[in-house]
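Report on one structure; see the data block that follows.
The values are calculated or read from the model by the stated rules, or taken from the named source; none is laboratory data. This structure is a prediction, so every number in the text was calculated from the model and none was measured. Every residue, glycine among them, receives a Cβ derived from its backbone with ideal geometry; neighbour counts consider all protein chains shown.
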């Protein structure tokens with residue numbers, strides 16, 4: 001049975017690519033991850049990482065990924081061109097472009113690296129939060145499709161319309177248990193998508209949503225494959241914050257923790273907003 | 001008098017580019033910013049940003065920059081190729097490659113955006129620290145050349161050989177007043193370089209320096225040109241931390257604050273280390 005027939009999860013469908021030439025892959029947007037005016041950025045990040053992982057010359061696992069959202073991705077098919085820029089002993093550097101009808105919509109750089117055991121030290125720690133099963137799941141009924149592809153259990157900072165306020169903005173910190181919906185064993189592709197699941201911070205602090213768009217997203221994958229396998233289908237803990245909204249842009253930092261306290265990934269993005 | 005003759009600061013010499021064709025620029029490494037086995041990564045980030053700023057189609061100011069250090073940059077001349085990937089109403093997306101003898105050593109993506117005044121909110125705050133003039137400057141005598149191009153005034157986390165320890169590693173947090181040496185008015189190019197001035201974190205926590213190399217660096221520029229002009233030649237406050245060293249890589253987060261408490265830039269990198 002082909003991979004196509006067994007990969008029934010909506011994420012696997014969204015990142016499904018057909019080889020179309022040397023380093024060239026064809027995919028298509030799926031309604032399951034639709035956002036307001038295009039696919040959920042995390043699904044785009046995931047498909048670009050998948051293209052690197054599918055490349056026959058790829059060795060090792062993802063270490064870093066930067067996605068630049070240059071323009072809207074339209075509903076329908078897209079091409080993904082993958083180029084191995086530099087093949088080093090310890091890392092490979094990749095450049096990826098997603099285009100539609102010859103126009104580049106998204107660019108991506110990625111670094112893969114050999115799995116190694118080294119000295120380790122973890123000064124960072126996750127916040128103390130209740131267990132996922134003790135936190136209510138957010139109702140995503142009637143909202144943009146991609147929100148229904150995740151189970152969000154907000155411990156702190158659930159974005160609510162009418163919450164926060166322009167005059168007295170709320171904190172931008174959020175602590176959220178999150179997993180794919182339906183459940184799916186964790187891998188790097190899912191982690192790339194999870195890195196962009198921190199719902200519009202301006203909604204969290206102001207209680208309304210002006211036009212917003214992620215401009216650039218960088219994720220560092222700090223866990224090995226074994227740690228992702230151990231995590232399996234259980235929710236990961238997302239910790240996110242913003243330092244400043246100013247001049248029409250805001251930063252956003254995020255950490256994704258396993259439920260036994262290992263840092264799986266850190267992710268940062270800069271977001272454009274209007275008004 | 002030409003810009004070449006007036007630009008005497010070592011940073012301006014390091015980022016000096018000659019136009020050599022459409023989007024093509026020629027530069028050269030300078031001994032003043034030499035690191036262990038190549039130029040200081042911040043100088044490379046600065047020259048790649050300078051190439052974007054020099055491009056005749058560039059509008060607006062830098063918003064985001066990601067630099068991927070694919071391979072060593074050798075002493076001597078290099079080519080910088082700048083490509084405008086997507087020219088949008090509110091942002092421009094750029095792709096940049098630094099090569100030597102036809103081999104790509106560094107890739108870079110950058111986003112520029114029009115200056116805008118919008119609603120603003122700054123939940124982040126700098127740590128409370130003594131004023132720069134009340135903190136002793138680090139002695140950089142006899143160390144890699146680039147360290148002498150900055151004045152470091154460590155409030156916390158000065159990296160010291162024999163400090164920290166493999167058995168009981170120190171915290172990775174650092175608070176540092178920092179400025180160009182000799183002093184130079186702050187601009188985006190200088191800020192891009194400053195984003196990489198957080199001296200090897202593994203030295204800070206372990207007290208020794210195994211082979212290390214920044215793999216990928218992403219900086220978001222959150223201040224407008226007026227804020228940089230206000231800051232002038234006074235030291236900025238650098239706040240930096242690491243969450244985890246594991247599997248031969250560590251993350252590193254950094255914030256650069258003006259001395260009146262405005263966040264000028266945030267920067268993140270992933271660092272490869274041996275052992």
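Of all residues in the stretch B:224-233, none are surrounded by fewer than 19 Cβ atoms within 10 Å (Cβ to Cβ), facing another protein chain (nearest Cβ under 8 Å) and on the phi > 0 side of the Ramachandran plot.
Go through the stretch A:107-151 and report how many residues are within 14 Å of another protein chain (Cβ to nearest Cβ), more than 30 Å from residue A:92 (Cα to Cα) and loosely packed, with under 14 Cβ neighbours inside 10 Å. Selection size over the stretch A:107-151: 1. Selection within the stretch B:169-186: residues that are out of contact with any strand residue (DSSP E or B) (no Cβ under 6 Å at 6 or more places or on another chain) and modelled with pLDDT of 95 or more. The member of this set that is surrounded by the most Cβ atoms within 10 Å (Cβ to Cβ) is B:186. Only one of the listed residues (B:229, B:214, B:219) is out of contact with any strand residue (DSSP E or B) (no Cβ under 8 Å at 6 or more places or on another chain) and at pLDDT 95 or above. That residue is B:229. Only one of the numbered conditions (1) facing chain B (nearest Cβ under 10 Å); (2) more than 27 Å from residue B:89 (Cβ to Cβ); (3) at pLDDT below 95 is not met by residue A:166, and that is (2). Once the stretch B:86-99 is narrowed to residues that are buried (at least 19 other Cβ atoms within 10 Å of the Cβ) and more than 16 Å from residue B:67 (Cα to Cα), the residue that is nearest to the other protein chains (Cβ to nearest Cβ) is B:86. Each residue in the stretch A:25-45 was checked for being at pLDDT below 95 and over 17 Å from the mean Cα position of the chain (by Cα), and 1 of them qualify. Given the structure, is residue B:238 modelled with pLDDT of 95 or more and at positive phi? So residue B:238 does not fit the description; no.
When the helices (runs of 4 or more DSSP H) confined to the stretch A:178-231 are screened for residues that are more than 12 Å from the chain's Cα centre (by Cα), those reaching at least 1 such residues are found at A:201-206, A:225-231.
Residues considered: A:188, A:220. Of these, the only one that is more than 9 Å from chain B (Cβ to nearest Cβ) and closer than 22 Å to residue A:109 by Cα is A:188. When A:271, A:199 are screened for being touching a strand residue (DSSP E or B) at 6+ places or on another chain (Cβ under 6 Å) and in contact (Cβ under 8 Å) with a residue 12 or more places away in the chain, only A:271 passes.
Number of residues in the stretch B:251-275 that are at the interface with chain A (Cβ under 8 Å from one of its Cβ atoms) and either surrounded by 23 or more Cβ atoms within 10 Å (Cβ to Cβ) or in a strand (DSSP E or B) (or both) equals 9. A residue that is more than 9 Å from chain A (Cβ to nearest Cβ), buried (at least 23 other Cβ atoms within 10 Å of the Cβ) and closer than 18 Å to residue A:243 by Cβ cannot be found anywhere in the stretch B:201-212.
Note on the stretch A:234-250: residues that are more than 10 Å from chain B (Cβ to nearest Cβ) and either within 23 Å of residue B:255 (Cβ to Cβ) or assigned to a strand (DSSP E or B) (or both) amount to 5.
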